[in-house]
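The values are calculated or read from the model by the stated rules, or taken from the named source; none is laboratory data. Model, not experiment: these values are computed from the prediction. Using ideal geometry, Cβ is built from the backbone for each residue, glycine included, and neighbour counts are taken over all protein chains shown.
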Amino acid sequence: MARLSDLIRERAPDSQNEEVSSRKVGSSSLSADRAWSVSARQELVKIREAVRSSTSPQLTGCTPLARQLVQLLNHSGDLVGWALNGQTEDYALDNALHVAVLGTKVGMGLRYSQDELERLALAGLLHDLGMWTLPVSLIEKRETLSEEERDILRTHPERGRRILAGQGGVFEWVSTINAQEHERWDGSGYPCRLKDRQIAEPAQIIGLVDTVDAMVTMRPYRKRLTPHQAIRELLLHAKTTFSLRALKGLGDQITLYPIGTQVRLNTGESGTVTKVNSCYPLRPVVTISKVGEVSNIDLSRGPSTHIVEVL
Ligand SMILES: [Fe+2]
């Protein structure tokens with residue numbers, strides 16, 4: 001795993017670069033990803049309807065979805081690209097799917113076991129269950145919320161915890177994660193102002209990727225950031241809000257410059273990302289085409305050249 005300081009400073013590693021070749025995407029993995037997102041969305045729609053009608057939701061359908069998600073992410077990162085593309089038809093549902101995908105990916109970066117990853121995926125899918133107990137007019141309100149409305153919104157982790165705590169089995173564990181997903185490493189979160197290791201690590205991860213999703217998703221009332229801008233912003237400015245371990249997991253696993261990204265370097269040259277570097281995601285290989293000449297610059301091999309802008 002790369003050192004966080006290297007990720008933040010965009011510094012080249014001391015040793016030789018581990019090159020990662022681009023993987024050809026098969027149509028079968030794309031259709032499996034699509035099938036998963038459709039099934040997960042359908043399951044969450046049923047759960048949301050149950051919560052909104054104050055009946056006990058049937059959650060067991062989420063368990064195989066969590067298992068499938070881990071299997072899919074073991075074979076392909078395409079769902080990660082989908083989760084970061086900024087598009088949403090229904091923010092609450094898409095946010096649940098995106099948080100499950102991104103959270104599981106971060107867990108993979110932290111070497112979680114298969115069982116831990118499946119629980120993390122499940123926690124991601126259900127992380128905002130309590131929001132669905134609140135009035136739609138409140139959670140979809142575009143104007144600035146009053147302090148009273150904010151207080152109501154801040155009850156959603158506890159509301160979610162109560163729903164899950166009554167479901168038994170693994171959902172008891174998920175209920176704790178649900179209750180803590182808005183707690184922050186420096187004590188600035190809610191509802192209990194927990195600090196550092198008082199917050200379960202899966203809850204730290206869910207809170208972190210939930211923030212990433214909010215930053216990269218297109219909303220009617222604000223502009224989105226690109227994944228690169230969002231993750232770079234977090235690596236630079238959120239070191240007290242989130243644990244360094246969770247931030248490292250994020251920086252290691254989320255490709256900031258996917259293959260094909262057009263970038264400008266500090267040398268003034270522009271090029272295309274043609275290889276990613278799993279150890280140093282801020283330092284991919286960039287191919288530059290000049291008249292009659294093509295050159296590849298591996299940014300992990302030297303500290304002087306780095307990306308300054310995504311075009
Ligand atoms: Fe939440």
Cβ pairs under 7 Å, 6+ apart, first in the range 110-129 and over 16 Å from V51 (Cβ atoms) and modelled with pLDDT of 95 or more, second of a type in the set (S, T, Y) and within 16 Å of the ligand (Cβ to nearest atom): none
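Suppose we keep only residues that are outside any helix (DSSP H, G or I) and either in contact (Cβ under 8 Å) with a residue 60 or more places away in the chain or not polar (S, T, N, Q) (or both) within the range 130-156. Which one would you say is farthest from the ligand (Cβ to nearest atom)?
So, considering only residues that are outside any helix (DSSP H, G or I) and either in contact (Cβ under 8 Å) with a residue 60 or more places away in the chain or not polar (S, T, N, Q) (or both), the one farthest from the ligand (Cβ to nearest atom) is E143.
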Restricting the range 157-198 to residues that are among the basic types (K, R) and part of a helix (DSSP H, G or I), the residue that is farthest from L126 (Cα to Cα): R197
Residue tally, condition assigned to a helix (DSSP H, G or I) and either surrounded by 20 or more Cβ atoms within 10 Å (Cβ to Cβ) or under 13 Å from the mean Cα position of the chain (by Cα) (or both), over the range 107-118: 5
Single unsatisfied condition, T226 versus (1) crowded, with 20+ Cβ neighbours inside 10 Å; (2) over 23 Å from S188 (Cα atoms): (1)
Check on S175, closer than 26 Å to R224 by Cα and either modelled with pLDDT of 95 or more or not assigned by TED's automatic domain parsing to the domain that holds A96 (or both): no
Condition check for D213: in contact (Cβ under 8 Å) with a residue 60 or more places away in the chain, acidic (D, E) and on the phi < 0 side of the Ramachandran plot: yes
Qualifying residue in the range 202-213 (condition: surrounded by fewer than 22 Cβ atoms within 10 Å (Cβ to Cβ), under 23 Å from L93 (Cβ atoms) and within 16 Å of the ligand (Cβ to nearest atom)): yes
Selection count where residues are within 14 Å of the ligand (Cβ to nearest atom) and without any contact (Cβ under 8 Å) to a residue 24 or more places away in the chain, scope the range 157-178: 1
Criterion violated by T104 - all others in (1) modelled with pLDDT of 90 or more; (2) in a loop (DSSP other than H, G, I, E, B); (3) of a type in the set (S, T, Y) satisfied: (2)
Lone unmet requirement of (1) crowded, with 22+ Cβ neighbours inside 10 Å; (2) within 16 Å of the ligand (Cβ to nearest atom) for Y190: (1)
